[in-house]
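First up is the structure itself, then whatever we jot down about it.
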Amino acid sequence: MNYLHIDHVSMEFPTPKGPFKALDNVDLRIGKGEFVSLIGHSGCGKSTVLNIVAGLLQATRGGISLDGKEVDSPGPDRGVVFQNHSLAPWLTAYQNVELAVRQVFKGRKTRAEMREWIRHNLALVHMEHAMNKRPDELSGGMKQRVGIARALSIEPKVLLLDEPFGALDALTRAHLQDSLMEIHADLGNTVIMITHDVDEAVLLSDRIVMMTNGPAATVGQVLEIDLERPRDRVALADSSHYNHYRQEVLRFLYEKQRKVEDFPQQQQRRQAGGMVGETRRRTVGAG
Amino acid sequence: MRLALTQSDWLQPLRGLARGDLSAFPWRPVLFPMLGILAFLLFWAQTAPMINTSLGQFPGPAQVYEQVGNLWAEHRAEQARAEEFYQRMAEMNERRMAADPDYVPRERSYSGRTTFIDQIFTSLKTVMMGFAIASLIAIPLGIVIGLSGGLYQAANPIIQVLKPISPLAWLPLVTLVVSAVYVSDNPMFSRSFLVSVFTVTLCSLWPTLINTAVGVGNTSKDLVNVSSVLRLNWFTHVRRIVLPGAVPMIFTGLRLSLSIGWMVLIAAEMLAQNPGLGKFVWDEFQNGSSQSLSRIMVAVLVIGMIGFVLDRIMLALQRLVSWDKSAVLR
């Protein structure tokens, strides 16, 4: 359970009004081959956690250790899939993956082996047929598939997915979730996925890490999902276990961590009524 | 494939025309520019006779057209004279060699009058040289500045102050510096040529520099993250991630630079007395014959047309280099 350790990480961002504490003492241990989802309301710092693990941000306190080594800068041992595919628009799907493969396997694979490996990874995400198309000729789901293929192709120790399916329609999202489960079953990757989709979290994860609302967000509750794999979304829809897990997450998000949004109207009314003291976000039962 | 497609689209109406089908021909994009030019010529022909200068009436289209013929004829005559000269020299050398086998043949180059056509090519050579130097400085410098926020902030005030300076202000400085620094017994370039070139460089540097820096600075944050996750080295990062994204901006800068360079060149040639179209205009102005105004007008129109053609060439180059073939470039 200690392959990846997010070790008491805190994060403060400097702002003109003084430091803003985004994360407070986030501590998480993830085992090899485990699929962990981070769920929480928007703005709770999920992406900050992921960026710290990726090395794109440096924690103010605490650190990350992966496979026994501390990591503090980005590297190909942690493959990242961003929400907006982040493919180079001037390169074809094949070339986008090639850019990563050539960089990581330079001197370790021959040209022919690399070609084979790029094709193999594109086949994993069912994109072999469109590998010579450029991103603007691909649909959103297809672009995200290529993004996943690129992250897989560098054989990372951990795969970091930042709301990978957030921008896709429900049907495409379901397809991609199935593909991801397939890949995880085949390759046994260690995965951290950020999501705000409860069904997605329950369906895919071994554990769901629920985060409290920011500022100073931290791990609120961890839920073990003990559903047998392979999981089938249609069969699970009737499963009482599945629905129980789903309910647990929903309860956390909508009862314990209910987020009271400030609507401009309310704000005005409040200001007019002189109710200045009211807190903007009510957090009950944090931690 | 796309190129072939657009080509066949473009050829379609011509094929229709060949079949005698006039309705398929796209009249609007041909007819309207024609009407515009015709209206301009009419206006010009009407107003020109109303303006009287010390050198006589302002030339209308007809007089200018006549001078085009004259200038061309002068050029042909000069060419014929040059040919004659070289032939005579060859004959003379042959005779001398026959009389005295030890004789080393002398080669002299013909130094006749530079015609209008020669001036055009001199100007093109000068502007290309100045533009090439400017681009070779501006693009690499722009990349370096664009990649670093701090460097950009450091360079920006200097760029903004140097950018609007008129070529006429630079010229005396450039002249003095060139004549002080460029001292050679056997110079490869004449000083006046270098003065014009460096003035063009100084003025046409800025649009490319700024556009390159901005284009490079606008590299998508996600792609920069991808690059750092992959640990691409600086060179690969620039070549594979930064440059392709900045190409449209760089070309916008290059096109602006070239058109500014062409404008600046004419002024520089006038003042530096470097051969070229600027000098041609100046000489005709000093000459002050009854034909001078028409000849200057020919030069003015040719300057405009060359500027237009240079821009079109850059546009074609941009289309060739740009990865985004669907973008509308104009």
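At a glance:
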quantity	calculated
Hits in segment A:94-103 (condition: more than 7 Å from every other protein chain (Cβ to nearest Cβ) and under 15 Å from A:PRO156 (Cα atoms))	A:VAL97, A:VAL101, A:ARG102
Search result, residues across segment B:24-63 that are in a loop (DSSP other than H, G, I, E, B), at pLDDT 85 or above and open to solvent by 70 Å² or more (accessible area, probe 1.4 Å)	B:ILE51
Filtered residue count, segment A:80-93, keeping only those that are in contact with a Leu (Cβ under 8 Å, 6 or more places away or on another chain), more than 7 Å from chain B (Cβ to nearest Cβ) and open to solvent by 10 Å² or more (accessible area, probe 1.4 Å)	1
Any hit, segment B:311-330, residues being more than 14 Å from every other protein chain (Cβ to nearest Cβ), aromatic (Phe, Trp, Tyr) and either touching a residue at least 40 places away in the same chain (Cβ under 8 Å) or open to solvent by 40 Å² or more (accessible area, probe 1.4 Å) (or both)	no
Top-ranked residue of segment A:104-119 - restricted to ones that are more than 21 Å from A:GLY140 (Cα to Cα) and among the aliphatic types (A, V, I, L, M), ranked as nearest to the other protein chains (Cβ to nearest Cβ)	A:VAL104
Near pairs, Cβ below 8 angstrom, 6+ apart or cross-chain, from segment A:224-237 (open to solvent by 80 Å² or more (accessible area, probe 1.4 Å)) to any residue that is not in a helix (DSSP H, G or I)	A:GLU224/A:ASP206; A:GLU224/A:ARG207
Condition check for A:VAL125: buried (at least 18 other Cβ atoms within 10 Å of the Cβ), more than 19 Å from B:ASP324 (Cα to Cα) and modelled with pLDDT under 90	yes
Matching entry among A:SER179, A:SER139 (being touching a helix residue (DSSP H, G or I) at 6+ places or on another chain (Cβ under 8 Å) and open to solvent by 40 Å² or more (accessible area, probe 1.4 Å))	A:SER139
The lone exception for A:VAL158 - which of (1) touching a residue at least 24 places away in the same chain (Cβ under 8 Å); (2) surrounded by fewer than 18 Cβ atoms within 10 Å (Cβ to Cβ); (3) within 14 Å of chain B (Cβ to nearest Cβ) it fails	(2)
Residue within segment B:89-96 that is within 31 Å of the chain's Cα centre (by Cα) and in a helix (DSSP H, G or I) present	no
Counted residues, segment B:196-232 - those being away from chain A (no Cβ under 14 Å) and over 18 Å from the mean Cα position of the chain (by Cα)	8
Residue within segment A:163-170 that is under 21 Å from A:TYR245 (Cβ atoms) and in a helix (DSSP H, G or I) present	yes
Any hit, segment B:249-264, residues being assigned to a loop (DSSP other than H, G, I, E, B), open to solvent by less than 40 Å² (accessible area, probe 1.4 Å) and in the same structural domain as B:LEU205 (by TED's automatic domain parsing)	no
Subset of segment A:59-79 (residues that are within 13 Å of chain B (Cβ to nearest Cβ) and touching a strand residue (DSSP E or B) at 6+ places or on another chain (Cβ under 9 Å))	A:VAL71, A:ASP72, A:PRO74, A:ASP77, A:ARG78, A:GLY79
Residue check for B:PHE193: among the aromatic types (Phe, Trp, Tyr), open to solvent by less than 60 Å² (accessible area, probe 1.4 Å), more than 30 Å from A:PRO156 (Cβ to Cβ) and away from chain A (no Cβ under 14 Å)	yes
Selected residue [closer than 21 Å to B:THR201 by Cα and more than 14 Å from the chain's Cα centre (by Cα)] from B:PHE308, B:PHE285, B:PHE251, B:PHE235	B:PHE251
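Let's see how each residue does on (1) more than 30 Å from B:TRP44 (Cβ to Cβ); (2) open to solvent by 90 Å² or more (accessible area, probe 1.4 Å); (3) touching a residue at least 40 places away in the same chain (Cβ under 8 Å):
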position: B:GLY69; (1), (2), (3): no, no, no
position: B:ALA73; (1), (2), (3): no, no, no
position: B:ALA77; (1), (2), (3): no, no, no
position: B:ARG88; (1), (2), (3): yes, yes, no
position: B:MET97; (1), (2), (3): yes, no, no
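The values are calculated or read from the model by the stated rules, or taken from the named source; none is laboratory data. Please read all numbers here as calculations on a predicted model, not as lab measurements. For neighbour counting, all protein chains shown are included, and Cβ atoms are generated from backbone atoms with ideal geometry for every residue, glycine included. For accessibility, only protein heavy atoms count, side chains too; no ligands or nucleic acids. Shrake-Rupley method; radii C 1.70, N 1.55, O 1.52, S 1.80 Å.
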